[in-house]
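Reading through the structure tokens given below for one structure.
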Amino acid sequence: MCMPALFRRNHLQETEVSSYGLQPLLRYTSKLVMAFLPRAFLLLLLAVVCIQLSGVLADGPDRCWCLNSLKKHVPREDIEEFSIFPRRSHCDSAEIILTLKPVNNSSEVIQRCLSPDTKQGINLQLCWNRKNINKTSTFKMSNCF
């Protein structure tokens, strides 16, 4: 029978090792490890699934950002920059989000959605496609006119 090096050095007999209760302890420890491994594997698998799901959910909301879009013209002097988000799985139309210039030295950022079907919306999309070569998320209004 294979015995730990510590016991071989001290020249203990097999019966003496058993009298110390090491064999039952080793058996119990191996059973404990074998019972723990499936649970540890399940916990690791759950962590991997959660990490994968968080990556999927981080891509964007599960709905359109613009619930109500402006149909009227917004003066270009009032627009500081704009963003265009293409159609995605949870939103059937492109979205144009305008960031308006502050009014009366206010620090509040005002954003409005513009309908992509209006004449101004179509013009902004054309400008975006033509001049946004770096594929930035926002685009200064001054770059279009």
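Between the beta carbons of R88 and T29, assuming R0 = 41 Å, the FRET efficiency works out to 0.15 to the nearest 0.05. The slack in the chain from W65 to S106, taken as 0.36 nm per residue of separation less the alpha-carbon distance, amounts to 12.3 nm.
Magnitude of the charge dipole for region 91-141, about its Cα centre and with charges confined to Cβ atoms of Lys, Arg (+1) and Asp, Glu (-1), is about 320 debye.
For region 61-134, a crude dipole built from +1 on the beta carbon of Lys and Arg and -1 on the beta carbon of Asp and Glu, taken about the Cα centre, is about 260 debye to the nearest 20.
Only the coordinates and a few stated rules stand behind these numbers; no lab work does. From a predicted model like this one, the values you see are computed outputs, not experimental measurements. Positions of Cβ are generated from backbone atoms using ideal geometry, with glycine treated the same way; all protein chains shown enter the neighbour counts.
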